[in-house]
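Report on the structure given below.
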Amino acid sequence: MEKKRGFEIAKGFENQDINLPIRKTKYSAGYDIEAAEDIIVPSFKKGMNPTLVKTGLKAYMQDDEVLLLYNRSSNPKKKGLVMANSVGVIDKDYYGNQDNDGHFMFSFFNIKEEDIQIKKGEAIGQAIFQKYLTVDDDTAQGERTGGFGSTNK
């Protein structure tokens, strides 16, 4: 079978009981993503960096596809968790990169007054594969040289 798109366990997480994402219903667009480890997301204070929540996953896809990471709809109200980047964008060439093997994470701020604990295996967000378009005169030739936050470096 030809591999078109999917999820794999990222290097370093092979023996950590990471669950590959699934859709819960046949009409769901998103694959449910779980936390790879227990983590505390501290209550937001001005000037702090977001908390990166590991998934232990990487994703492969076709040349004209992207993986978009979205927050769970219940997270802001129930847990005070909002994604720092609103939507995570995982490009095809992020898969297997030399820095982190394509391991993608969720970037959260906690807007509640108390710290929030996320447990390993807890659903933290969803991922949706999507086609994208380019403009007629697109000339992009660059190649990825790193992992998280490496664009333009």
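Since every read-out is calculated from the coordinates, none of them should be taken as a lab result. Because the structure is a prediction, the values reported are computed rather than measured. Cβ placement follows ideal geometry from the backbone for every residue including glycine, while neighbour counts extend to all protein chains displayed.
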What is the Cα convex hull volume of the chain when expressed per residue in Å³? 149
How big is the stretch 13-53 by the Kirkwood estimate over distinct Cα pairs, in Å? 13.2
Please report how far the C-alpha centroid of the stretch 17-62 lies from that of the stretch 79-98, rounded to the nearest whole angstrom. 9
To the nearest 0.05, the calculated FRET efficiency linking I40 and I128 through their beta-carbon distance, R0 being 35 Å, is 0.80
To the nearest 0.05, the calculated FRET efficiency linking Q98 and Y27 through their beta-carbon distance, R0 being 25 Å, is 0.10
Say we join alpha carbon atoms closer than 10 Å with springs in a Gaussian network model of the chain; which of I124, I33, I22 then has the biggest fluctuation? I22
Using 1/(1 + (r/R0)^6) with R0 = 41 angstrom and r between the beta carbons of E14 and D115, what's the FRET efficiency to the nearest 0.05? 0.85
Just grab the label-to-label distance for V135 and D64, each label 7 Å out from Cα along the Cβ direction, in nm (one decimal). 1.9
About its Cα centre, what dipole magnitude does the chain give when the only charges are +1 on Lys and Arg Cβ and -1 on Asp and Glu Cβ, stated in debye to the nearest 20? 700
